[in-house]
Every structure is written in C-alpha cells, then in structure tokens.
Amino acid sequence: MADFVDQIEGLKRSVASVIRGKAEAIDWIIAALLARGHVLIEDIPGVGKTTLAQVLARSLSLVFSRIQFTSDTLPSDVIGVSLWRAERGEFEFLPGPIFTNVLLADEINRATPKTQAALLEAMNERTVTVEKTRYRLREPFLVLATQNPVEYLGTYPLPESQLDRFLLRISLGYPSADEELGLLRQGGVESEVELVQPVLDGGVLLDLQARVRAVRVAEVLLSYMLELVKRTRSHPSLALGISTRGGLALHRACQALALVEGRDYVIPDDVVRLALPVMAHRVVLAGGEVGESWSRSEAERAIIREIVDGTPVPL
C-alpha cells in the first residue's frame, strides 16, 4: 500500500512543479490515466493545456505525440498511411502519431467529423485498423484532447459518440493572480518543462492501472451512483440521460480517484467530486442546442450539479 501511495504522490509533485495551482485537475487527469480513460480539456487557448500534457508524459517516461488539428487534417494524418514499395512488391504501413503513449489531440474540434472519427477505435479498443489489418497501440495509452469554444472560428462540435469516449471533461481556467504574476516574472514555464525528469516508468504505471479494479466500492455507493444516473434519464431538461457506459465510467473513475488519494476504498466525496467531469458531457439537452458550445457546456454542468445537490448522499 505504501509503495503505490509514494509512487502516485511523486507523480503528482512532478506535474505540480510546473502546473501550479491546479491540484484538482492534476488529480483528475492522473485518475483518468490509472482508469485507462481519456480526458477532454475544454478551455480557452493559453491556459496551459499543452504544457500539462507534455509534463505528464515527461514525468512518466512515456512517448509523447501531438497532433495540431485543423480543418484540413485527414484521418491518415492521425493513424498513418500504407505506401506501395515497388522494389518489394508490397504495401508498407507507416504509423501515424497515434502510435504513442500520450497523445495530445490539440484543438480537436477544429478537425472535420471524419477526422475526429479516426480516433474512435483507438480510444475505445486501443487498436487501429488500416485496410483490414489491425494494429495494437502501445500500453499505456492516453488521449488528452483540447477543445476551444465554438465561438472561435473554424470549429466543429464533437458528436455524442466522440464525447462518450472521454472518461472526463475538465477545464483548467485562469491561474490565480499570484500565480499569473509569478509566470510573468519568470517569462513562462518552457525551461521548467525541459527539466522535468521521469518519476515512474511504463511498467509501474501498468501495475497501478491493474490495482484500480481492486479498489472497494460499498453497495450503498453503487446504489448512489445508479440513482444519479437514473435521475439524468428522467430530468425534464434532458433529452438523453447517462447510458450504462456512463455509469460504468463513473464507477471506474471513482475507483481510480480513491487510489490517487491513497485509499483502497471509495468514499461518497469521490462520487460527488467526479459527477460533473464524468457525467456532464454525456447528457443531451432537451429542445435542441442552447447557444454555442460554451453555453451548452455550462447548461449541462448546471443540470448535473442540480441532480447531485438534490440526491441524498449516503453516510
């Protein structure tokens, strides 16, 4: 028990040494990693989303790749291409940037739906299929995607099927005044990113991921999670509530967060903390779209917050 607590604390300290004042966001992303999930960071440009992904990969001694999505990014730019080699009389597959451990899908909502769909199989099954040949991705595999509000020009909203592949949707927000002043004094954190040293290797991370399933969840907490899920399905402001997959995602995320907090059991506060980042992006508002992406996201969060506040928490 003490070993894995020290390992996770070391990882948290390493990331927090560069990404300051975002302790909860760091906990959530590490929890997603341990739960073998993916994270969508929805926020305005310039608040440290790319830096966070780089620091996490460096802290874990993992292979890091970045795709800067644009409207002309093609599926082959993500998964790779097969080229004909005349001298050998056969096709050779050249892997794309998705063959990595930590993939930063930067500004994913600037890509067309067809290109966004190229990530679905990889995120769900850890495989990529090219011309009937299936390739297995590296383990561990984490997609950190960033999304800017649709108010920015040249963006496409993510479809429900794509959103459902993300375990968590979070926002980083602006740093505090003191932290931002410190960043201005030092001229940014680029030099600090280069100094980050690995604190965990891939083998240790895989072992930690295996431990997540062993985290205990009391029957009363399972019933509490299910009640939250059921209330989304009957809420008058929602056309579509949380699916069974969403309920399983909440369960797995709570197990992982408990491990991040140094426990081998889930407590009610884990469920309350994770309800918004796990559930809000999985519901569909009634009456069509409400404004742009930012407005929809806030409306979704408000409804989940209302459901959580109105559901008795088991003691």
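Express the accessible area of the range 157-246 per residue in Å², computed with a 1.4 Å probe while the remaining protein chains stay in the model.
58 Å²
You can think of it this way: the chain between Arg213 and Ala286 has 22.8 nm of extra reach, that is 0.36 nm per residue less the Cα-Cα gap. When Phe141, Phe93 are compared by accessible area at a 1.4 angstrom probe, the order from most to least is Phe93, Phe141. Close Lys pairs in the chain, defined as Cα atoms under 26 Å apart and 8 or more places apart or on different chains, number 5. Sequence-ordered 3J(HN,Hα) estimates for the range 303-315 from the Karplus curve with 6.51, -1.76 and 1.60 and θ = phi - 60° stand at 5, 5, 4, 4, 5, 5, 5, x, 9, x, 8, x, 9 Hz, glycine and proline given as x.
How would the chain be classified by its alpha-carbon gyration tensor: rounded, prolate or oblate, with rounded meaning a/c under 1.5 and the a/b versus b/c comparison settling the rest? Rounded, because the longest to shortest axis ratio a/c is under 1.5.
Quick one: pull the percent of accessible area on the chain belonging to carbon and sulfur, 1.4 Å probe, ligands and nucleic acids left out. About 54 percent, which is the carbon plus sulfur part of the accessible surface. The charge dipole of the range 178-294, taken about the Cα centre with unit charges on the Cβ atoms of Lys, Arg (+1) and Asp, Glu (-1), comes to about 900 debye, rounded to the nearest 20. Annotation: extensible slack from Glu192 through Thr133 equals 17.1 nm (criterion: 0.36 nm per residue apart, minus Cα-Cα distance).
Net charge around Phe4, counting only other residues with Cβ within less than 12 Å of its Cβ (Lys, Arg = +1; Asp, Glu = -1)? Result for the neighbourhood of Phe4: -4. Among Tyr156, Tyr224, Tyr174, the sequence by solvent-accessible area, most first, with a 1.4 Å probe is Tyr174, Tyr156, Tyr224.
With the simple spin-label model, which puts each label point 7 Å out from Cα in the Cβ direction, the Leu222 to Ser234 separation comes to 2.2 nm. When the helices of the chain are scored as -39500 (n - 2.57) per DSSP H run of n ≥ 4 and the total is divided over every residue, the value at 222 nm lands at -14000 deg cm²/dmol. Computed from the Cβ-Cβ distance with R0 of 41 Å, the FRET efficiency linking Ser76 to Ser17 stands at 0.65. Oblate is the label for the range 110-152, because the ratio a/c of its alpha-carbon gyration tensor axes (a ≥ b ≥ c) is 1.5 or higher and a/b is not greater than b/c. The length gained by stretching the chain between Glu160 and Ala86 to full extension, at 0.36 nm per residue less their Cα-Cα distance, is 22.4 nm.
The values are calculated or read from the model by the stated rules, or taken from the named source; none is laboratory data. No experiment lies behind these values; they were computed from the predicted model shown. Positions of Cβ are generated from backbone atoms using ideal geometry, with glycine treated the same way; all protein chains shown enter the neighbour counts. Just the protein is used for accessible areas: all its heavy atoms, side chains included, with ligands, DNA and RNA removed. Shrake-Rupley method; radii C 1.70, N 1.55, O 1.52, S 1.80 Å.
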